[in-house]
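Q: Have a look at this one.
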Amino acid sequence: MRPVAISEISIVNCLGAGQEATIAAIRERRSGLAPCNFETAVLDTCIGQVSGLDEFHVRSDLNAYDCRNNRLAQLGLQTDGFGGAVSAVAEKYGAQRIGVFMGTSTSGILQTEIAYRHRNASNGALPADYHYAQTQNSFSIADFVQRYLGLKGPAFVISSACSSSAKVFAHAARMMSAGVCDAAVVGGVDTLCLTTLYGFNSLQLLSPTPCRPYDVNRDGISIGEGAGFALLERAAEKPAAGTMMLLGIGESCDAYHMSTPHPEGLGARLSMQGALDTAQLAPNDVDYINLHGTATKANDASEDQAVFAIFGGKTPVSSTKGSTGHLLGAAGITEAIIAMLAIRDEVLPGSMNTKNIDPALQCNYLLDNQNSRVRRILTNSFGFGGSNCSLLLGTAE
Amino acid sequence: MMQIFVEGVGLVGPGLCGWQASQPLLAGAASYVHTPTVVTASDLLPSAERRRVGIPVKLAIAAGCEALLHAARDAATTASVFTSSQGDGENLHQICETLASTERNISPTRFHNSVHNAAAGYWSIATRSRKPSTSLCGHDSSFAAGLLDAAVQVIVDTDPVVLIAYDQAYPEPLHTVRPINASFGVALVMTPQATSKSFAVLEISFELRQESETRMQDSSLEALRSGVPAARSLPLLSKLARKEAATVFIDCAAGNQLRIAVTPCC
């Protein structure tokens, strides 16, 4: 893999809009999770909701794309100066030479859920103002982002459940390596909807309290929503010291079960080892691991075994899902950006809500923030269908 | 330009019962007779999973297995790229009906089948493959997105890849807003170097649209091509069946296209 530089990032979730809001919440140990009051959902659970989306509208020339997911995407593109930075890069390379690779799990499905409540009483038709291609279809998020930014290069959506927006980095890196594009906007956007709330409820995986990763009493996830974006470019032959780099990528499948991880974390091990191998690094080169850490009994137990098998019990690890909730298709890039902020601001996030670490788990799990200078971070994302992706991020020397 | 080799094809669709059986009509040597798509759940799936899968998963596994058999290649050691314009439309419809009712409890199976990568998940379970796998969507350009991504992966990772594209018609009321004509699945096994099984070389370029999309001569096959995103593959399959050098154009999003120079080999 040719080295990839990460030039710009942008992040929005229940902790706030922007890099500074996110890192401030981590420093001040604030969680964004609160009891569920979303739409018409009646469920005993907590969610990580982005405020203000109900009043927000997408740019008027893209009106047909107006839905919660694309609103959050636009908010992300307006945050941290991201859209402006992309415009500058488009001047440099040309709009046709910049790819758009977006991850999402449920796209604008909320529009379809609402439309099904307003079907024509006599013929069952969906309302006339329902725009399938621009909202429901998974591609809509890449289509919207590409149009919003005025880009003209290759564009598609990766939808592999909760690994989606980690995998976008792999696709973009390969596209640049093959010369199909010179730079890429990668991102992940997933928003609250009834399908995921009632779906995870049916699997009995929703915690009634803010989720508690690694806790002996952990009892499920808290669903959140968020957007994250990164601008990727080919790295220079000798990148300037401090340049944020995508060092390694690992991808694998569990080949085990649709909604339960492999009990010994076999797929997770392959994915983490793949990231180390592409980066040509050893386990002790990694300073911190941002876990997938969903706070389900099964995920944390299986991931712990996999991490311990490769890294042993010294490397500090934690999950930030107690802060943000599980952002599903946006989790991968959100946690990759948190990792980049942790390197930049020299703070490793301690887990929120976790009180008593499960004695059966063996990794060095951080309950409190740790101020330390770190160079390389691994971040894990695992999804339904047994889809795994690990990213290794770090700064150039 | 990216050069890759094709060593296996799988196909299932209306009037198209496998690549081997469909080659004469795709080559123009036999006439097309419409019959509904016939697809069953793969015996490779454990019995519990076999009962749970929808049409899109059956399409994907059937096409993928035929292509790998043709290539004499083990799925467990082959990376995969899945692409679909929508995933399981019947399942989405059932979930949205349930959520619009007063009793909102959707079944766990419906929920895990709702992910766009359901076919990839069941594929890995059926074939025991832990190799990298991805699941893409490009709306009408889903096949082109998958072919581009699979070719890039073959070139960059220098490993064989099976590309599997599939689509299913939505039930009403979604069919009216997103008409898809038929259930269709196609798979291509691609390698970075020629092997004893290679029968064609593809030179693929991603470029600004300069030519109109290649169409099918037969009107029924053309209706299938334009009516199902995964069937945008038909002109490429037709050239492969004819065993003639030719160039195929397939539209991509944002005014781009794939230029695919097909040359028989070996």
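Rule-based calculations on the coordinates, nothing more; no lab input. It should be emphasised that the depicted structure is a prediction, and the values quoted were computed from it without experimental measurement. Cβ atoms come from the backbone with ideal geometry, glycine included; neighbour counts cover every protein chain shown.
Q: Have a look at A:230, B:258, B:93 and report the one farthest towards the positive end of the charge dipole of the protein assembly as shown, computed about the Cα centre with Cβ charges (Lys/Arg +1, Asp/Glu -1).
A: It is B:258.
Q: Find the Cα radius of gyration of the range B:134-209, compare it with 2.2 N^0.38 Å by division, and give the number to two decimals. List each step's numbers first, then the result.
A: Values: Rg = 15.2 Å, N = 76, 2.2 N^0.38 = 11.4 Å.
The value comes to 1.34.
Q: In whole Å, what is the distance between the alpha-carbon centres of the range A:207-251 and the range A:331-397?
A: 7
Q: Have a look at the DSSP beta bridges in chain A and tell me what percent are antiparallel, nearest 5. Present the calculation step by step, with values, prior to reporting the outcome.
A: On the way: 42 of 63 bridges.
So the antiparallel bridges in chain A amount to around 65 percent.
Q: What translational diffusion coefficient, to the nearest whole µm²/s, does the range A:300-356 have by Stokes-Einstein, given a Kirkwood radius computed over alpha-carbon pairs, a temperature of 10 °C and 1.306 mPa s viscosity? If you can, show how the numbers build up before the last one.
A: Values: Rh = 12.7 Å.
The diffusion coefficient I find is 125 µm²/s.
Q: Sticking with this one: Select from B:256, B:91, B:113 the residue whose mean-square fluctuation is largest in a Gaussian network model of chain B (Cα-Cα springs shorter than 10 Å).
A: B:256
Q: First measure r as the distance between the Cβ atoms of residue B:20 and residue A:375, then evaluate 1/(1 + (r/R0)^6) with R0 = 56 Å and state the FRET efficiency to the nearest 0.05.
A: Working from the Cβ atoms, E equals 0.55.
Q: I'd like the per residue volume of the convex hull spanned by the Cα atoms of the range B:91-246, given in cubic angstrom. Don't jump to the answer; show the numbers that get you there.
A: Details: hull volume 23.0 nm³, N = 156.
Roughly 147 Å³ of hull volume per residue.
Q: For chain B, take the longest principal axis of its alpha carbons; what is the angle in degrees between that and the long axis of helix B:118-127, to the nearest 10 within 0 to 90?
A: 70
Q: Let a ≥ b ≥ c be the square roots of the eigenvalues of the Cα gyration tensor of the range B:80-182; is it rounded (a/c under 1.5), or, if not, prolate (a/b larger than b/c) or oblate?
A: Working: a/c = 3.35, a/b = 1.68, b/c = 2.00.
Judged from the Cα gyration tensor, the range B:80-182 comes out oblate (a/c at least 1.5, b/c at or above a/b).
Q: Among A:139, A:106, A:128, whose Cα projects farthest towards the positive end of the dipole of the range A:96-157, with charges put on the beta-carbon of Lys, Arg (+1) and Asp, Glu (-1)?
A: A:139
Q: Oh, and also: How do A:294, B:158 line up, fewest other C-beta atoms within 10 Å first? Each step should come with its number before you reach the end.
A: On the way: A:294 26, B:158 10.
Arranged by neighbour count, lowest to highest, A:294, B:158 become B:158, A:294.
Q: Once you have the alpha carbon radius of gyration of the protein assembly as shown, what is it after dividing by 2.2 N^0.38 Å, with N set to its residue count? Intermediate values should be presented prior to the final figure.
A: Numbers: Rg = 23.2 Å, N = 663, 2.2 N^0.38 = 26.0 Å.
Compactness ratio reported: 0.89.
Q: Let me ask something else. With angles folded into 0 to 90 degrees, how steeply does helix B:142-157 sit against the dominant principal axis of chain B? Use alpha carbons for both and round to 10.
A: Approximately 60 degrees, to the nearest ten.
Q: Pairs of Cα atoms under 8 Å, at least six residues apart: use those to get the relative contact order of chain B, whole percent.
A: Working: 611 pairs, mean separation 71.2, N = 266.
27 percent.
Q: Arrange the following residues from fewest to most other Cβ atoms within 10 Å of their Cβ: A:44, A:219. Mind showing how you got there, number by number?
A: Working: A:44 11, A:219 16.
If I rank by nearby Cβ atoms, fewest first, I get A:44, A:219.
Q: Hey, what D do you get for chain A in µm²/s if you plug the Kirkwood alpha-carbon radius into Stokes-Einstein at 10 °C and 1.306 mPa s? Mind dumping the intermediate values first?
A: On the way: Rh = 20.7 Å.
Stokes-Einstein gives a translational diffusion coefficient of 77 µm²/s.
Q: Expressed as a rounded percentage, what relative contact order does the range B:125-237 have, with Cα pairs under 8 Å and six or more residues apart? Let's see the in-between values first.
A: On the way: 123 pairs, mean separation 31.5, N = 113.
Relative contact order for the range B:125-237 comes out at 28 percent.
Q: Can you tell me the convex hull volume per residue for chain B, based on C-alpha atoms, in Å³ to the nearest whole number?
A: Working: hull volume 32.8 nm³, N = 266.
Cα convex hull per residue, to the nearest whole number: 123 Å³.
Q: For chain B, build the charge dipole from Cβ charges (+1 Lys, Arg; -1 Asp, Glu) around the Cα centre, then report which of B:155, B:214, B:231 sits farthest towards its positive end.
A: My answer, from the dipole projection, is B:155.
Q: With runs of 4+ DSSP H residues as the only contributors, calculate the mean residue ellipticity of chain A at 222 nm using -39,500 (n - 2.57) per run, divided by the residue total and rounded to the nearest 500.
A: Details: 11 runs with 120 residues, N = 397.
Per the formula, -9000 deg cm²/dmol.
Q: Could you tell me the relative contact order of the range A:37-137? Use alpha-carbon pairs under 8 Å, at least six residues apart, and round to a whole percent. The partial results should precede the final answer.
A: Numbers: 62 pairs, mean separation 28.5, N = 101.
Once divided by the residue count of the range A:37-137, the mean separation gives 28 percent.
Q: For peptide B:101-114, how many partner chain Cβ atoms fall within 10 Å of a residue's Cβ, on average?
A: 5
Q: Within a 10 angstrom radius of the beta carbon, how do A:351, A:138 rank from fewest other beta carbons to most?
A: Working: A:351 28, A:138 32.
Ordered from fewest to most neighbouring Cβ atoms within 10 Å, A:351, A:138 come out as A:351, A:138.
Q: Using just the Cα positions, wrap the range B:1-144 in a convex hull and report its mean projected area in square nanometres, one decimal place. Intermediate results must be reported in sequence, preceding the final value.
A: Values: hull surface 43.3 nm².
Answer in nm², one decimal: 10.8.
Q: Determine the dipole magnitude for the protein assembly as shown: charges of +1 sit on the beta-carbon of Lys and Arg, -1 on that of Asp and Glu, nothing else is charged, the reference point is the Cα centre, and the result goes in debye to the nearest 20.
A: Numbers: 48 positive and 59 negative charges, 121 e Å.
My answer is approximately 580 debye.
Q: Suppose we look only past 12 Å in the calculated P(r) of the range A:57-114. What percent of the Cα-Cα pairs does that tail hold?
A: Working: 1213 of 1653 pairs.
Every Cα pair in the range A:57-114 considered, those over 12 Å come to 73 percent.
Q: Go through A:182-192, B:225-235, A:18-28, B:44-54 and give me the packing order, highest mean Cβ count within 10 Å leading.
A: On the way: A:182-192: 29.5, B:225-235: 25.3, A:18-28: 17.6, B:44-54: 16.0.
The packing order, highest mean first, is A:182-192, B:225-235, A:18-28, B:44-54.
Q: Describe numerically, in nm with one decimal, the distance between label points set 7 Å from Cα along Cα→Cβ at residue B:159 and at residue B:197.
A: 1.6
Q: Okay, moving on. With Cβ to Cβ distances under 13 Å as the rule, what net charge do the other residues near residue A:10 carry (K, R +1; D, E -1)?
A: Values: positive: none; negative: A:8, A:20, A:80.
Taking every Cβ under 13 Å from that of residue A:10, the sum is -3.
Q: For chain B, what is the mean residue ellipticity at 222 nm derived from helices alone (per DSSP H run of n ≥ 4: -39500 (n - 2.57); sum divided by total residues; nearest 500 deg cm²/dmol)? Walk me through the numbers on the way to the answer.
A: Details: 10 runs with 97 residues, N = 266.
That comes out to -10500 deg cm²/dmol.
Q: Normalise the Cα radius of gyration of the range A:260-323 by 2.2 N^0.38 Å (N = residues in it) and let me know the number.
A: Working: Rg = 11.5 Å, N = 64, 2.2 N^0.38 = 10.7 Å.
Its radius of gyration relative to the 2.2 N^0.38 Å reference: 1.08.
Q: So, one more: How many Cβ atoms of partner chains, on average, are near each residue of A:200-211 if near means within 10 Å of its Cβ?
A: Values: counts 2, 5, 9, 5, 1, 2, 0, 0, 0, 0, 0, 0.
That average works out to 2.
Q: Report the dimensions of the range A:288-397 along its three principal axes from the alpha-carbon atoms, largest first, rounded to Å.
A: Extents along the principal axes: 37, 28, 26 Å.
Q: Output the direction-averaged projected area (hull surface divided by four) of the convex hull of the alpha-carbon atoms of the range A:131-243, in nm².
A: 10.4
Q: With no solvent and one point per C-alpha, what does the Debye sum give as log10 I(q)/I(0) for the range A:1-104 at q = 0.14, 0.22 Å⁻¹?
A: -0.73, -1.32
Q: What's the Cα-based Rg to Rh of the range A:184-320, Rh via Kirkwood?
A: Details: Rg = 17.1 Å, Rh = 17.1 Å.
So for the range A:184-320, dividing Rg by the Kirkwood Rh gives 1.00.
Q: Who wins for biggest fluctuation among A:360, A:85, A:279 in a Gaussian network model of chain A, springs between alpha carbons below 10 Å?
A: With Cα springs under 10 Å in chain A, the top fluctuation among A:360, A:85, A:279 is at A:360.
Q: Inside 10 Å of the C-beta atoms of B:118-128, what's the mean count of C-beta atoms belonging to other chains? It would help to have the intermediate numbers written out before the result.
A: Details: counts 4, 1, 7, 14, 3, 3, 10, 8, 1, 2, 3.
Taking all residues of B:118-128 together, the mean is 5.
Q: Using the Cα centre as the reference, give the magnitude of the dipole from point charges on the C-beta atoms of chain B (Lys, Arg: +1; Asp, Glu: -1; all else neutral), rounded to the nearest 20 debye.
A: Values: 20 positive and 23 negative charges, 86 e Å.
With only Lys, Arg, Asp and Glu charged at Cβ, the dipole is about 420 debye.
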